[in-house]
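Colleague: Below: one structure in structure tokens.
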Amino acid sequence: MTPEVKAFFDEVTNTVSYVVKEPEGSACAIIDAVLDYDQAAGRTATTSADEIVAWVEARGLQTQWILESHVHADHLSAAPYLQEQLGGKIGIGEQITVVQDTFGKVFNEGTQFQRDGSQFDRLFREGDVFMIGQMRGEVLHTPGHTPACLTYVIGDAAFVGDTLFMPDFGTARCDFPGGSSSELYRSIQKILALPDDTRIFVGHDYKAPGRSDYAWETTVGEQKALNVHIGQGRSLEEFVEMRDARDATLGMPRLILPSLQVNMRAGQMPEPDEQGDVFLKIPINKI
């Protein structure tokens, strides 16, 4: 089955969100939606999410799932807003509990913050199947970038989050807490074991040197042949050496601190204080 895929690119965070629609029928899922956030002003907006809402409503689609590939460190999730506007269940990998435990400590969240994944409607594990109308989706657990990373295989399309980028840009970093370059290598092998003509939709694009346009769709065959980090049968040892050395040179994502606090709560803000004001924390020397 070949789903219809509509991409929405947010140039501020270089994030690609997707609406995935069954080829016959009106059911759809939304993957990795962005809540706009002005860090300097501490203000959120729904401009990016409203583009998705308008597109879905204009076609009379029924949103059944709002899926997260992982707990993003580079943008805030718009999942709760989309659920309010369009319905659907919010899903993520079951290892979200590991991420919640790790960053609950980093942000000194105390006992009020639940670390059981209960903020989400569905926690997926390896091999789980879900339906988008009459269209079947299957879950691959693909950790390495984070412990909770998933790849959603829907018909002939695989939505890989940050695990893989376009072939000329490579693979995800693995230096966040809970990340592992050797795990990422094994996760990528799962994806590359899919049929060569499987369409791969990546979660970000940064325009690799020499490329003037943003891109987000490739195939398993292209990744195996051309990926600059993992292609041509690169060994585990070679990949780990390259990935770890590269990660040691990278700075933290600009929005990592607000993103993690919000996204580990399924896109909800922390509880307001007695005056109804909401605050995000800035831990010092913790990441």
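Colleague: In a Debye calculation with equal point scatterers on the alpha-carbon sites of segment 48-100 and no solvent, what is log10 I(q)/I(0) at q = 0.13, 0.19, 0.20, 0.30 Å⁻¹?
Modeller: Each listed q maps to, in turn, -0.35, -0.69, -0.75, -1.25.
Colleague: To continue, here is another question. At 0.36 nm per residue, and after removing the present C-alpha to C-alpha distance, how many nm does the segment from LYS6 to ASP38 gain when stretched out fully?
Modeller: 9.0 nm
Colleague: When the helices in the chain are scored as -39500 (n - 2.57) per DSSP H run of 4 or longer and the sum is shared across all residues, what 222 nm value do you end up with, to the nearest 500 deg cm²/dmol?
Modeller: It comes out at -7000 deg cm²/dmol, rounded to the nearest 500.
Colleague: Give me the number: length gained by fully extending SER26 to ARG136, i.e. 0.36 nm times residue separation minus the C-alpha to C-alpha distance, one decimal in nm.
Modeller: Answer, rounded to one decimal: 38.2 nm.
Colleague: Express the carbon and sulfur contribution to the solvent-accessible surface of the chain as a percent, rounded to the nearest whole number, probe 1.4 angstrom.
Modeller: 47 percent
Colleague: If you wrap a convex hull around the C-alpha atoms of segment 115-223 and split its volume per residue, what is the figure in Å³?
Modeller: That works out to 122 Å³ per residue.
Colleague: Not counting ligands, DNA or RNA, and with a 1.4 Å probe, what is PHE120's accessible surface area in Å² rounded to the nearest 10?
Modeller: For PHE120, the solvent-accessible surface is approximately 10 Å².
Colleague: Filter the GluC sites (Glu not before Pro) in segment 86-147 down to the DSSP loop ones having no more than 15 other Cβ atoms within 10 Å, then list what survives.
Modeller: Sites meeting the loop and neighbour criteria: GLU126.
Colleague: Something else about it: Roughly how many Å² is the accessible area per residue of segment 23-181, as a whole number, for a 1.4 Å probe?
Modeller: 37 Å²
Colleague: For a paramagnetic label modelled at 7 Å from the Cα of GLU51 toward its Cβ, which residues of segment 78-94 fall within the zone defined by backbone nitrogen distances under 20 Å?
Modeller: Under cut-off, by backbone N: 78-86.
Colleague: So what's the gap between the Cα centers of segment 207-283 and segment 1-32, to the nearest angstrom?
Modeller: Between the Cα centre of segment 207-283 and that of segment 1-32, the gap is 19 Å.
Colleague: Please state the relative contact order of the chain as a whole percent: Cα pairs under 8 Å, 6+ residues apart?
Modeller: Normalised by residue count, the contact order of the chain is 18 percent.
Colleague: Aspartates and glutamates near LYS281 by alpha-carbon distance under 13 Å, same-chain residues fewer than 8 away left out - which ones?
Modeller: Correct list for LYS281: GLU109, GLU271.
Colleague: Ordering TRP55, TRP65, TRP216 from largest to smallest accessible area (1.4 angstrom probe), what's the sequence?
Modeller: Result of the area sort, largest leading: TRP216, TRP55, TRP65.
Colleague: Work out Dmax and Rg for segment 1-127 from the C-alpha atoms and quote the Rg first, both in angstrom.
Modeller: Spelled out, the Cα radius of gyration and Dmax of segment 1-127 are 15.4, 48 Å.
Colleague: Related question: Ignoring ligands and nucleic acids, what accessible area does ASP196 show with a 1.4 Å probe (Å², nearest 10)?
Modeller: 80 Å²
Colleague: What three numbers, in Å, describe the spread of the alpha carbons of the chain along their principal axes, ordered from the longest?
Modeller: Principal-axis extents of the Cα atoms in the chain, largest first: 58, 48, 37 Å.
Colleague: Accessible area, 1.4 Å probe, largest first: how do THR2, THR15, THR111, THR46 sort?
Modeller: Greatest to least solvent exposure: THR111, THR2, THR46, THR15.
Colleague: Run down the aspartates and glutamates and flag those whose C-alpha is under 14 Å from the C-alpha of LYS207, throwing out any fewer than 8 positions away in its chain.
Modeller: ASP10, GLU11, ASP168, GLU217
Colleague: When all protein chains stay in place, what accessible area (Å², nearest 10, 1.4 Å probe) is found for MET242?
Modeller: The accessible area of MET242 comes to roughly 40 Å².
Colleague: Oh, and also: How far is it, in nm, from the label point at GLN268 to the one at ILE284 when both lie 7 Å from their Cα along the line to the Cβ?
Modeller: 3.1 nm
Colleague: ASN14 versus GLN114, label points 7 Å from Cα toward the beta carbon: distance in nm?
Modeller: The modelled label-to-label distance comes out at 3.5 nm.
Colleague: May I ask you to list the lysines whose Cα is less than 18 Å away from that of LYS21, ignoring any residue fewer than eight positions away on the same chain?
Modeller: The reachable lysines, counting only those whose Cα sits under 18 Å from LYS21, are LYS6, LYS89.
Colleague: Quick check for me: using +1 on Lys/Arg Cβ and -1 on Asp/Glu Cβ, what's the dipole size of the chain about its Cα centre, in debye to the nearest 20?
Modeller: Using Cβ point charges on Lys, Arg, Asp and Glu, the chain gives about 360 debye.
The values are calculated or read from the model by the stated rules, or taken from the named source; none is laboratory data. Predicted model, so just to flag it, every value in this text is computed and none were measured. Virtual Cβ from ideal backbone geometry, glycine too; neighbours counted across all protein chains shown. In case anyone asks, the SASA skips ligands and DNA or RNA and just uses the protein heavy atoms, side chains included. Shrake-Rupley method; radii C 1.70, N 1.55, O 1.52, S 1.80 Å.
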